[in-house]
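A quick write-up on the structure given underneath.
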Amino acid sequence: MGVLKLTREKVQNVDLINRISGQNVYDCYQCGRCTSGCPSADEMDIVPSQTMKFLQIGEVDRVVESNTPWVCLACLICSVRCPKGIDIAAIMEALRLVKLRNNYDFVHPNRIPQEDLEELPPIALVSAFRKMTP
Amino acid sequence: MTVKIPYYPGCTLKATAKNFEDTARLVAGVFDYELDDLYRWNCCGAVYGLSEDNVMHKVAPVRNLLRVKEVGEKRVLTLCSMCFNTLKRANYYVRKNKDKLEVINAIMYLENTTYDGSVEVIHLLELLRDEIGFDKVKKAVKKPLSGITVASYYGCLLLRPNEIAIDNMEQPTVMEDLMEALGASVIDLNVKTECCGAYQTVPRKDLVADRTNLIVEEARKAGADLIITSCPLCHFNLDRRQKEAKERHPDFHPMPILYFTQLMALAFGFEEEKLGFKPHYVDPRPLLKERGLL
Ligand code: SF4
Ligand code: SF4
Ligand code: SF4
Ligand code: SF4
């Protein structure tokens, strides 16, 4: 294990997440409350509190490339319970947006099976496209 | 005198959740309210945009609020929890951030008027609790729902974040209080504020099926016969995803999922054809017949 190096590029990546989300990832003191209430934590490569830690040490790529932002439900449990008032759900959104703004589709509208399209309500499709397509 | 109240339907209440809208109209009518569809409404975008550096996702909800102002009204009623959340959060945001409101108004430059934050967004549950009152609800009951035990499922969007919550964010009771006014027995569902999986129902049926399994099983363990909701996406996930829940969890037992307005209309004596039970994946009728309510 090497010494932790915060390069200029890494700091800029963290600044981008802070700017998109309107949050300050350095506020987190790792209490773990966000993770303990997160209904998707079991599905995540990196749980919410770990995500905060990785961001603080500049490992933005690592969380952006994890499944974490894509199994988040935007349910806001983490955000309303964080004792530091951090809107973690907004940080998850920022992690999605850095990819979506580069024209990445997590959900491909033309690859949803026909039988699913026939039964899914508009509210499911609209919300999935809003969160997971550019 | 009938009170006309501006009503924002949203896309799903005109499509797969027509039974929610229809029964809400019946229920409102009992108290002399008429849901008046908002003129030229547009989809609100379903989910509130959480980014701070881009107001684009807030334009759709704010444009609906502008429509309410345009027709000279001061408030707008919603039924869908997601519409409620998106409209109310956008409203809260532009009230707090006048500079962002100016940007949004500039984007909507083709409109005849500007928005100013003056409209109130309310949910039908608030109208029932705060304006009509559960005493009146109780008096309107013709067929008390004694014999069924109801679990109330709130999900996320009626309660979070706190500035838009219709009730105590961690321990809400408005739906339980309403069900008691209808004569039903209620249980306190321990996962009533935990997400159903939301939009993951598109790419990750399995994830949502596991949430459905958990929520339905918790309701059953607490003694519930059925679950009520106020969100068409919760409804789809908790009802239709029981198919996948059963495939993944062989011990799973189906449970009917109803909109709270369907149970109200039932208690107010409307006939079965008007209650909109046909589109349900888990048919509530056998249970309601067995308990003498149909
Ligand atoms: S709840 Fe807040 S402070 Fe605690 S670990 Fe999560 S983000 Fe950090
Ligand atoms: S918003 Fe996302 S990260 Fe936060 S608790 Fe919900 S699922 Fe977990
Ligand atoms: S919140 Fe839902 S139902 Fe409401 S308009 Fe938007 S997508 Fe449609
Ligand atoms: S539980 Fe799911 S569908 Fe229901 S309000 Fe939450 S996100 Fe919406």
> Around B:GLU176, with a cut-off of 12 angstrom between Cβ atoms, what is the net charge of the other residues, counting Lys and Arg +1 and Asp and Glu -1?
Replying inline: -2
> Given charges of +1 on the Cβ of Lys and Arg and -1 on the Cβ of Asp and Glu, with all other atoms neutral, how large is the dipole of chain B about its Cα centre, in debye to the nearest 20?
Replying inline: 440 debye
> Who wins for biggest fluctuation among B:VAL62, B:VAL103, B:VAL282 in a Gaussian network model of chain B, springs between alpha carbons below 10 Å?
Replying inline: B:VAL103
>> Roughly how far apart, in whole Å, are the Cα centres of the range A:56-97 and the range B:253-277?
In response: 38 Å
>> If you fit an axis through the alpha-carbon atoms of helix B:18-30 and take the longest principal axis of the Cα set of chain B, what angle between them do you get, 0 to 90°, nearest 10?
In response: 90 degrees
> Let a ≥ b ≥ c be the square roots of the eigenvalues of the Cα gyration tensor of the range B:161-294; is it rounded (a/c under 1.5), or, if not, prolate (a/b larger than b/c) or oblate?
Replying inline: oblate
> Suppose every K and R has +1 on its Cβ and every D and E has -1 on its Cβ; what is the size of the dipole of the range B:137-294 about the Cα centre, in Debye to the nearest 20?
Replying inline: 440 debye
> Cα to Cα, under 20 Å, and not fewer than 8 places away if on the same chain: which aspartates and glutamates meet these conditions relative to B:LYS69?
Replying inline: B:GLU34, B:ASP36, B:ASP37, B:ASP99, B:GLU102, B:GLU111, B:ASP116, B:GLU120
> Could you give the length gained on full extension between B:VAL141 and B:LYS96, defined as 0.36 nm per residue of separation minus the Cα-Cα distance, in nm?
Replying inline: 12.0 nm
> Looking at A:PRO113, A:ILE86, A:GLY37, which one has the Cα that reaches farthest to the positive end of the dipole of chain A (charges on Cβ: Lys, Arg +1; Asp, Glu -1)?
Replying inline: A:ILE86
>> Looking only at Cβ-Cβ distances, which cysteines of chain A have no other cysteine closer than 4.7 Å?
In response: A:CYS28, A:CYS31, A:CYS38, A:CYS72, A:CYS82
>> How far apart, in nanometres, would the label points at B:THR173 and B:LYS278 be if each is projected 7 angstrom from Cα along the Cα-to-Cβ direction?
In response: 4.0 nm
> In whole angstrom, how far apart do the alpha carbon centroids of the range B:189-203 and the range B:1-55 sit?
Replying inline: 22 Å
> When you look at the Cβ of every residue in A:111-123, what mean number of other chain Cβ atoms sits within 10 Å?
Replying inline: 5
> For the peptides A:109-122, A:82-95, what is the packing order when you average, over each peptide's residues, the other Cβ atoms within 10 Å and list the highest mean first?
Replying inline: A:82-95, A:109-122
> Taking the Cα centre of the range B:107-219 as origin and charging only Cβ (+1 Lys, Arg; -1 Asp, Glu), how large is the dipole, in debye to the nearest 20?
Replying inline: 540 debye
>> Using only the alpha carbons of the range B:171-218, what is the convex hull's orientation-averaged projected area in square nanometres?
In response: 3.9 nm²
> Which pairs, out of B:LYS139/B:LYS289; B:LYS243/B:LYS274; B:LYS143/B:LYS205; B:LYS138/B:LYS192; B:LYS18/B:LYS243; B:LYS143/B:LYS246, put more than 28 Å between their alpha-carbon atoms?
Replying inline: B:LYS143/B:LYS205; B:LYS143/B:LYS246
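Rounded if a/c is under 1.5, else prolate if a/b beats b/c, else oblate: with a ≥ b ≥ c from the C-alpha gyration tensor eigenvalues square-rooted, which is the range A:1-123?
Working: a/c = 2.15, a/b = 1.52, b/c = 1.41.
In terms of gyration-tensor shape, prolate.
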>> Please compute, for peptide A:65-75, the average count of beta-carbon atoms on other protein chains lying within 10 Å of each residue's beta-carbon.
In response: 4
> Using helices alone, what [θ] at 222 nm do you get for the protein assembly as shown, with -39,500 (n - 2.57) per DSSP H run of 4 or more residues, divided over all residues and rounded to the nearest 500?
Replying inline: -12500 deg cm²/dmol
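Jot down the per residue volume, in cubic angstrom and as a whole number, of the convex hull over the alpha-carbon atoms of the range B:28-151.
Per residue, the Cα convex hull of the range B:28-151 comes to 129 Å³.
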>> Using a Cα-Cα cut-off of under 24 Å, which lysines could be cross-linked to B:LYS74, ignoring same-chain neighbours fewer than 8 residues away?
In response: B:LYS4, B:LYS14, B:LYS58, B:LYS88, B:LYS96, B:LYS98, B:LYS100
>> Can you say what percent of the DSSP beta bridges in the protein assembly as shown, counting only those with both residues inside, are antiparallel? Round to 5.
In response: 0 percent
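Assuming R0 = 22 Å, what is the FRET efficiency of B:ALA106 and B:LYS74, from their Cβ-Cβ distance, to the nearest 0.05? The partial results should precede the final answer.
Values: r = 24 Å, r/R0 = 1.10.
Rounded to the nearest 0.05, the efficiency is 0.35.
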> When you look at the Cβ of every residue in A:40-47, what mean number of other chain Cβ atoms sits within 10 Å?
Replying inline: 2
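Taken together, the values in this text are just the output of simple stated rules run on the coordinates, not laboratory data. Values in this document were obtained by computation on a predicted structure and should not be read as measured data. Neighbour counts run over all protein chains shown; Cβ positions are idealised from the backbone, glycine included.
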